[in-house]
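Enquirer: Before I ask anything, let me first share the structure, which is written out below as structure tokens.
Every read-out reported here was derived from the displayed coordinates using simple, explicitly stated rules and does not represent laboratory data. All of these numbers come straight from a predicted model, not from anything done at the bench. Here the Cβ positions follow ideal geometry from the backbone for every residue, glycine too, while neighbour counts run over all protein chains shown.
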Amino acid sequence: MMTSGNAPAKVQGPSTGRVFLPRLLVALLFAAPSIGSWFSSNVIYLRIDELERPLKQELVTLRAGMSDLERFVAQFQANELGRGTLNLLMTAVAADVKLRYLGDNLYRANAASIGSLRRAAAIVYPKNWQAVLKPYEETIAQGYDSPTVVQQLQAFENKLIADALSTITRDQERINALTATHERYERWRGFIASTLAYLAVALSIALFVFRLQLKPS
């Protein structure tokens with residue numbers, strides 16, 4: 001009969017901590033490529049967002065200005081067409097010259113009262129639009145009865161329309177350039193994201209194979 005003194009000693013297994021820690025390290029090793037890919041992607045995305053932010057702000061400003069100028073040109077040209085029709089009608093009925101000037105002045109005053117006129121002038125002549133527009137507005141407010149004044153007013157309007165159309169063309173070219181740059185950044189973002197993802201997978205596979213080779217046969 002076996003006594004307690006002759007009983008074999010109980011074999012102690014490895015502690016939970018000693019088993020868990022190596023497994024945790026291996027898991028972290030396999031997860032490292034994915035973690036690194038996620039971290040790198042976010043850092044790069046933040047940098048790309050930082051580069052894109054001023055582009056987006058400029059695009060918003062340019063598009064708003066273009067919309068205002070296009071609306072102004074359409075309204076102003078429609079008003080000019082109405083004024084020209086009135087002048088032809090008054091000429092056909094041999095209306096009094098003063099009445100013709102009065103009709104012309106009313107149409108120009110209506111054009112000057114359009115809110116988009118000042119907005120258009122501010123876009124086209126941002127540094128001195130008030131000084132540029134002041135003589136035109138004062139002449140219309142005072143009234144006129146001289147062909148020379150009419151020619152001066154018409155010359156100013158023609159120049160403003162031409163400059164507005166030129167600004168629209170210039171801004172559209174700038175918008176196209178900014179849009180192309182923005183699309184290039186987005187292509188970079190997609191390329192970097194896919195590249196990092198593939199690298200993370202490749203590294204995980206390489207680590208797995210390396211781990212298998214280290215195991216004793």
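Enquirer: What's the FRET efficiency of Arg53 with Ser194 using the Cβ-Cβ distance as r and R₀ = 22 Å, to the nearest 0.05?
Expert: Using R0 = 22 Å, I get an efficiency of 0.40.
Enquirer: Continuing with this model, one more query. Sort 134-141, 48-55 for me by packing, meaning the mean count of neighbouring Cβ atoms within 10 Å per residue, highest on top.
Expert: Ranked from most to least packed, the peptides come out as 134-141, 48-55.
Enquirer: Then there's this: Set the Förster radius R0 to 22 Å, insert the Cβ-Cβ distance between Gln130 and Asp96 as r into 1/(1 + (r/R0)^6), and round the FRET efficiency to 0.05.
Expert: Here the calculated transfer efficiency is 0.05.
Enquirer: With r as the distance between the Cβ atoms of Arg63 and Asn87 and R0 = 35 Å, compute the FRET efficiency 1/(1 + (r/R0)^6) and round to 0.05.
Expert: Efficiency, rounded to the nearest 0.05: 0.45.
Enquirer: Could the peptides 71-78, 178-185 be put in order, highest first, of the mean number of other beta-carbon atoms found within 10 Å of their residues? If you can, show how the numbers build up before the last one.
Expert: Values: 71-78: 16.0, 178-185: 13.0.
Top to bottom by mean Cβ count within 10 Å: 71-78, 178-185.
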